[in-house]
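The values are calculated or read from the model by the stated rules, or taken from the named source; none is laboratory data. Note that the structure is a prediction, hence the values are computed from the model and not measured. For neighbour counting, all protein chains shown are included, and Cβ atoms are generated from backbone atoms with ideal geometry for every residue, glycine included. In case anyone asks, the SASA skips ligands and DNA or RNA and just uses the protein heavy atoms, side chains included. Shrake-Rupley method; radii C 1.70, N 1.55, O 1.52, S 1.80 Å.
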Amino acid sequence: MLNYLVTRLWQSVVTLILASIVVFLGVRQLPGDPALAMAGEEATPERVEAIREQLGLNESLITQYLKFVGNMLRGDFGQSTRTGAQVTDLVAATLPVTLWLSAYAIVVAVVVGVLLGIIAERFRGRWPEWMANALALIGLSVPNFWLGILAILYLAVAFGLFPASGYVPITQDPIQGFYHLTLPAIILGTSLAAVIMRQTRASMIETMKTDFVRTARAKGLSRQRVLVRYGLRNSLIVVVTIIGLQLGGLISGAVVTERIFALPGFGKLTLDAVFTRDYPVIQAVVLLITVGYILINLAVDILYSVINPRIRVGGKS
Amino acid sequence: MTLPTADAPAPLLSVRGLEVTFGDNAEPVLHDVSFDIRPGERVAIVGQSGSGKSTIIGSILRLLPGDGHITGGSILLGNDDLATASEQHMRSVRGRRIGLVPQDPASNLNPSMRVGAQIADALAASGHRNGADVEKRVVELMTEAGIPEAKRRAKQYPHEFSGGMRQRVLIAIALSRQPELLIADEPTSALDVTVQRQILNHLQTLVDAHGTSLLFITHDLGVAADRTDRIIVMSEGRIVEVGTPAEILLNPQEDYTKRLVAAAPTAVAAVRVAAGSSTVKTGPILEVSHLVKEFKIRGQRGSILRAVDDVSFSVERGTTTAIVGESGSGKTTVARIILGLESATSGTALVDGEGITASRGQQRRALRRRVQPVFQDPYGSLDPTYSIEKLIDEPLRIFKVGDRRSRQDRVAELLDQVALPRTVAQRRPNELSGGQRQRVAIARALALEPELLICDEAVSALDVLVQEQILTLLADLQSNLGLSYLFITHDLAVVRQIAHNVVVMKSGEVMEEGATDAVFRSPSSGYTRELLSAIPGASLVS
């Protein structure tokens, strides 16, 4: 197990280095000039040049990259070229919003998706399965910005069930905090829930046909107990993998969802930075997302071996 | 229900006119099946795959797969008719009154649940909830089923158990609530003969001790004869014949039973060795000397497994040599080295004086033409997307033999040789039966006119009647074409039928080798004697 972890960590470091190069070069391929954006439309060429000098944009790419990496290792992500604020402060302010939102969305998606998946398997060929399948189809095919707008129009504005926008830090006021995040989390989790539902249904159907399920029923266990202890547990292995693969989509979904519900999150920060060519912020944001991705994958792999004892590497010796 | 008569005790289970259908308006797969099992009686149902024996179990437990359902008849357990009982009622029958030991120990345990918990689940179904009590009972049951260190092993997962040990776990589950009837569905067909014997002996002791009735499902007449009081022979969803083991084996009445008995691969079955085939060259075609193969064990630095340990033997031209052994004996590794699919750590395997592992390029290609394999699983070894013609002529295309036209002719000729109609050429493997597929595999192996065929468990996956046909085919091909065979098998009865010489392997080493007759008549090693006495059915017939 330790060997496995060390290997995985080493792979992660290599991935990070590659990612930093891609990010650094990618940002510089964006059309537009940060110095121009900073100086404003009516600045003189001299003023723009001075800003370029100040930001170090005139130096060679390699020097710029080494500086970038060196600063990053010291925890210094630089300053926003737009507002002058420390990038670390910006991230610290916005990241929790997104993390709460995503975590909440995952929980919603897993609960809804797995439940619907079980229902679909349990009532195969009858109306509950049709309903679950229809819901999954809607969840997959309707874009979540539109779903978000509909939700605001009807659930928030017309019936007043949820606030239409706004954010209350969960650490300050948990009840209000979760209440404000509920609608965004549902919208963000919709497509993930749909994918999870379909996977759960498919792998439950497969698992319930296996020999060990029949043997379990021959013990005299109720169908419900067999479903949970024999069917679900083995089906979850697939579901965990799917969640891991779908998290990338969740991050890009968060960008859109935060925009719709006016949440001051990471997604909004990213979007604003891209529109204003805020190099330091873009770099930091993309790298953090990469780190997040790597950590999530690591977590999924570890979780995988917890659920599935057969791939526990090395075992207890 | 049927009333008990004065001379026989009331049957525990009474099946009358059972008819089962899959899907709507389809032909029934079981027709008018009737039989009784009396308390303490042991009854075997014998039949080949597709005969409907597993469907009977599915009906009794009301766990038929898919859309199978009972369309007629009754299944009386005491006064309950299980054929029409509610699901709620069935739950009080399953496990408590009827226990099931399923067929395949590899797939019948939940892979993500500790073994102890799976046994505890069976107890939980009867309302045992007290944690400490359940744990104690689990350890008791495992010990009773013959699992050493039960306390520790209860906390392990199924993949940490060997096949035999898993089957013991399944037996513990089936007996956990002391059912009146135990159904054993081919409980040992996936296991080695010696393990099979241990498990069956143990099962029998337990069943006898508790006075449990036994319904034993098997394809093996020998096992049925050894272990039960009465045999029911089934074919195509109907009961063909019922009788005591002696009646069925020694005096079968029905044609089908007679064929089954004749084909039964017991140690006494007809010897089918091809008599002295006329070959021009003499001397060994294959010489294996001091072959060693070591594998590094993953995760344990420095540990080495000697899968093949100083193995030497030879195959004479035009004869059959069998390597016999249980799983893990290294017999398949030997075959893989000879085929050049694996390299030897040391030692040599020479085909007509040339070593395939030492050869390179052209020479190696030429050697490959002369040695061809036939594998065990006719379902896995044929590409399902290829037509039969494409499968058989693939080796010809690889070696660029002839043109399109002549290859077509050759395929037709090969189909004739393996007694398949030429019309199958355009079909795909999934349209053929297991036996037909194995004929295709043999035809493919023969395409390049090899001198040596390596048959790795080539008939193990087939039903006895089909197995007999394939063995006959192999013997015919040997006398017509002067082929030599290296036959890898775990089945001593098959060895007796086809091999001139036999090599007995265990844990990578050769235990004994010699002429088949001599080895069978007076085995010199204890292990061979153990293997021979483990062959089911031998005791009864001889």
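Taking a sphere under 10 Å around the Cβ of B:V240 and counting the other residues whose Cβ falls inside, with K and R at +1 and D and E at -1, yields a net charge of -3. Using the Cβ-Cβ distance between A:Q224 and B:N79 with R0 set to 22 Å, the FRET efficiency from 1/(1 + (r/R0)^6) comes to roughly 0.20. A simple count of charges around B:L61, restricted to other residues whose Cβ falls under 9 Å of its Cβ and scoring Lys, Arg +1 and Asp, Glu -1, yields +4. Here the label points at B:A26 and B:S162, each 7 Å from Cα along the C-beta direction, are separated by 3.9 nm in the simple model. Shape call for region B:12-112 from the C-alpha gyration tensor, a ≥ b ≥ c root eigenvalues: rounded (a/c under 1.5), prolate (a/b greater than b/c) or oblate? Rounded. Straight-distance candidates among the aspartates and glutamates for linking to A:K219, with alpha-carbon spacing under 19 Å and chain neighbours fewer than 8 residues away dropped: A:D211, B:D80, B:E87, B:D104, B:D121, B:D133, B:E135, B:E140, B:E144, B:E180, B:D185, B:E186. How far is the Cα center of region A:256-289 from the Cα center of region B:223-262, in Å? Centre-to-centre distance over Cα atoms comes out at 78 Å. Taking every DSSP beta bridge with both residues inside the protein assembly as shown, roughly what % is antiparallel (nearest 5)? Among the beta bridges of the protein assembly as shown, antiparallel pairing accounts for roughly 55 percent. The distance linking region B:421-467 with region B:133-161 is 43 Å (Cα centroid to Cα centroid, whole angstrom). Along the Cα-to-C-beta direction of A:I149, a point sits 7 Å from the Cα; which residues of region A:173-193 have their amide N less than 20 Å from that point? Only A:183-191 fall inside the zone, counting backbone N under 20 Å. For chain A, what does -39500 (n - 2.57) per DSSP helix run (n ≥ 4), summed and divided by total residues, give at 222 nm, in deg cm²/dmol to the nearest 500? Value at 222 nm, helices only, nearest 500: -24500 deg cm²/dmol. Across the protein chains, with a 1.4 Å probe defining accessible surface, the residues B:E186, B:E19, B:E236 rank B:E236, B:E19, B:E186 from largest area downward. Shielding of peptide B:97-110 by partners, expressed as the average count of other chain Cβ atoms within 10 Å per residue Cβ, is 4.
Cross-link partners of B:K390 among lysines, defined as those whose alpha carbon lies under 25 angstrom from its own and excluding same-chain residues fewer than eight positions apart: B:K400. Bridgeable lysines around B:K296 (alpha carbons under 30 Å apart, same-chain partners fewer than 8 residues away excluded): A:K316, B:K155, B:K331, B:K506. A Förster radius of 60 Å, combined with the Cβ-Cβ distance separating B:E316 from B:E254, puts the computed FRET efficiency at roughly 0.90.
Multiplying the residue separation of A:L25 and A:D211 by 0.36 nm and removing their Cα-Cα distance gives an extension gain of 61.5 nm. A straight chain from A:T15 to A:T83 at 0.36 nm per residue would run longer than the Cα-Cα distance by 21.4 nm.
For the protein assembly as shown, the alpha carbon positions stretch 109, 76, 55 Å along the principal axes, listed from largest to smallest.
Using a probe of 1.4 Å, the accessible surface attributed to B:Y256 totals some 40 Å² when neighbouring protein chains are kept in position. Taking a ≥ b ≥ c as the square roots of the eigenvalues of the Cα gyration tensor, chain B is classed as prolate, since a/c reaches at least 1.5 and a/b is larger than b/c.
Taking A:E206, B:E457, A:E42, B:E449 and ordering them by how much accessible surface each has at a 1.4 Å probe, largest first, produces A:E42, B:E449, A:E206, B:E457. The charge dipole of chain B, taken about the Cα centre with unit charges on the Cβ atoms of Lys, Arg (+1) and Asp, Glu (-1), comes to about 1700 debye, rounded to the nearest 20. The distance between label points at B:A117 and B:K390 comes to 4.6 nm (points 7 Å beyond Cα on the Cα→Cβ vector). Taking all protein chains as they are arranged and a probe of 1.4 Å, the heavy atoms of A:Y65 leave approximately 40 Å² accessible to solvent. Each principal axis of region B:384-472 carries a Cα extent, and these read 39, 29, 21 Å when sorted largest first.
Ranking A:F145, B:F375, A:F24 by solvent-accessible area of protein heavy atoms (1.4 Å probe, all protein chains present), from largest to smallest, gives A:F145, B:F375, A:F24. The overall shape of region A:42-190, judged from the alpha-carbon gyration tensor, is prolate: a/c is not under 1.5, and a/b is greater than b/c.
Computed per residue of chain B from DSSP H runs no shorter than four, each worth -39500 (n - 2.57), the mean residue ellipticity at 222 nm is -10500 deg cm²/dmol. Given a Förster distance of 35 angstrom, what is the FRET efficiency for B:H202 paired with A:R124, based on the Cβ-Cβ distance and rounded to 0.05? E(calc), rounded to 0.05, equals 0.30.
Rolling a 1.4 Å probe over the protein heavy atoms leaves B:T320 with an accessible area of roughly 0 Å². Each label point was placed 7 Å from the Cα along the Cα-to-Cβ direction; for B:H290 and A:M72 their separation is 6.0 nm. Remark: the B:L305-B:T71 segment gains 78.7 nm on full extension, using 0.36 nm per residue and subtracting the alpha carbon distance.
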